[in-house]
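Novice: What follows is a structure written as structure tokens; I'll ask about it next.
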Amino acid sequence: MALFLQTTFLTSSSSLRQKPCLSSWASHISTSRTRTRVHAKIREIFMPALSSTMTEGKIVSWVRSEGDKLSKGESVVVVESDKADMDVETFYDGYLAAIMVEEGGVAAVGSAIALLAESLEEIEEAKSKAASSSSATSPAPAAAAAPVSESTTGSGAVEKAVVVAPPSPSVVASAVHPASEGGKRVVASPYAKKLAKDLKVDLGRVIGSGPNGRIVAKDVEAAAAVAAELGSPAAKVSAAPAVQAPPGIELGSVVPFTTMQGAVCRNMVESLSVPTFRVGYTITTDALDALYKKVKSKGVTMTALLAKATALALVKHPVINSSCRDGNSFTYNSNINIAVAVAIDGGLITPVLQDADKVDIYSLSRKWKELVDKARAKQLQPQEYNTGTFTLSNLGMFGVDRFDAILPPGTGAIMAVGASQPTVVGTKDGRIGMKNQMQVNVTADHRVIYGADLAAFLQTLAKIIEDPKDLTF
């Protein structure tokens, strides 16, 4: 995803002239052509909009330091948007002259977070501009960064430096920013940093297990456990109460929402404006369970099987895959993209299995594993989490037998999947038998979808799951 912003190229003040009189206009043109030139520039690196819903971003870590030489397309900073941590690249060559928003700081989309100098000679001037811009703004909390306006001086012009997010997952994979570079910086998830502070763990000594060496919460917890075994000061605990809070949680404290939690909060509140209703259905899963045991060794996941079955049912009931956004019309979506809710550190995200009806179950399973790994490392691209047309929420693996799910804004329905459990049932011949059954509850937008629509969809889904031969083709 590339973000472009128009910039204005300004000449230095020494080249500006008053408008000449009409009689000397021709001579002025000839002389100005030789005298007017554009000097080296100081550009603002600004906070990019990494998703359509993003209004501000948090600086997770600076990949480069002040004074470093940068090349076009090189990763400069890791930014936490409302759903993911994303590498941000510079669109110009130059030197990282001044960092205006430190790690952990928050800046509005479009506001300056650093200055990029075109040459070494411009670095000191850029630093003075950053200092003057910082002093000109009103005081704000440490975690917030106020937008910085453009300014110009005699020797150079300040302009917006475009920063771009990598256009595809392959670019993300190529951006290398290890967890520790010579002890200068640490790349870790926000929750891992908070946990390390609470557990008194030195992140500089922790080896990250996330993508590109990023430190995640489990790495911090493992380091804390090792420290406790070695009898480090972090392990010395005074007389504890009978019931202790989980590590990293301080009882009685007030914790502000993370960027992701804020986004989830806004979406949930928005969903209250949609008139929804719920329909439940019991599905026998003996055949699906047998198929799963057969193909599990080939890397197939139960999530992929459920997503595939749901997608095939949606092909026959397109209204369930539709969406209403303006309250005046609805759209029959041309693609069946199954979003699946995943719990991650500090929030919830819905990676999307795109065109799930057309992709074979083996490719779908591999894709799902890839998406989950990226989601937990907060490396999903926007198109990988905001393009869902139907959502699945599965708590069955936790033993939950039934629950209701809240409809995500912009979609027509979400299905809550419970655990498959042995159930005593009456057979058609009047006997008593035992079958594995699961409960599914669908929450739907009643402006578009009606009870009969959902009933027909659930009947089709039950037939596919109870005779799943089509799932492996």
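Novice: So Ile449 ticks every box in (1) farther than 22 Å from Leu395 by Cβ; (2) open to solvent by 40 Å² or more (accessible area, probe 1.4 Å); (3) within 36 Å of the chain's Cα centre (by Cα) but one. Which box is left unticked?
Specialist: (2)
Novice: Determine whether segment 102-119 contains at least one residue that is under 20 Å from Gly67 (Cβ atoms), part of a loop (DSSP other than H, G, I, E, B) and of a type in the set (S, T, N, Q).
Specialist: Yes, that holds for at least one residue.
Novice: Right, another one. Please work out which one of (1) in contact with a Gly (Cβ under 6 Å, 6 or more places away or on another chain); (2) surrounded by fewer than 22 Cβ atoms within 10 Å (Cβ to Cβ) is the condition Gln383 fails and give its number.
Specialist: (1)
Residue by residue, here is whether (1) modelled with pLDDT under 95; (2) at negative phi; (3) in a loop (DSSP other than H, G, I, E, B); (4) open to solvent by 30 Å² or more (accessible area, probe 1.4 Å) holds:
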residue: Val279; (1), (2), (3), (4): no, yes, no, yes
residue: Ser297; (1), (2), (3), (4): yes, yes, no, yes
residue: Leu305; (1), (2), (3), (4): no, yes, no, no
residue: Thr310; (1), (2), (3), (4): no, yes, no, no
residue: Ala313; (1), (2), (3), (4): no, yes, no, no
residue: Ile320; (1), (2), (3), (4): no, yes, no, no
residue: Ser329; (1), (2), (3), (4): yes, yes, yes, yes
residue: Ala343; (1), (2), (3), (4): yes, yes, no, yes
residue: Leu348; (1), (2), (3), (4): yes, yes, no, yes
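Novice: While we're here: Need pairs with beta-carbon distance below 9 Å; first residue over 24 Å from Leu272 (Cα atoms) and within segment 436-458, second in a strand (DSSP E or B) and of a type in the set (Phe, Trp, Tyr); sequence gap 6+ or separate chains.
Specialist: Partner pairs satisfying both residue conditions: Gln439/Tyr281; Leu458/Tyr281.
For (1) at pLDDT 80 or above; (2) under 26 Å from the mean Cα position of the chain (by Cα); (3) surrounded by 10 or more Cβ atoms within 10 Å (Cβ to Cβ); (4) outside any helix (DSSP H, G or I), each residue gets a yes or a no:
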residue: Lys197; (1), (2), (3), (4): yes, yes, yes, no
residue: Gly231; (1), (2), (3), (4): no, no, no, yes
residue: Ala240; (1), (2), (3), (4): no, no, no, yes
residue: Gln244; (1), (2), (3), (4): no, no, yes, yes
residue: Leu251; (1), (2), (3), (4): yes, no, no, yes
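Novice: Does Pro275 satisfy the criteria of being within 26 Å of Asp401 (Cα to Cα) and modelled with pLDDT of 85 or more?
Specialist: yes
Novice: A further question follows. For segment 434-473, name all the residues that are farther than 25 Å from Ser271 by Cβ and among the charged types (D, E, K, R).
Specialist: Within segment 434-473, Lys435, Lys463, Glu466, Asp467, Lys469, Asp470 qualify.
The values are calculated or read from the model by the stated rules, or taken from the named source; none is laboratory data. Computed from a prediction, not measured in an experiment: that's the story for all the values here. All Cβ positions, even for glycine, are placed from backbone atoms using ideal geometry, and neighbour counts span all protein chains on display. Heads up: the accessible areas ignore ligands, DNA and RNA and are worked out on the full protein's heavy atoms, side chains in. Shrake-Rupley method; radii C 1.70, N 1.55, O 1.52, S 1.80 Å.
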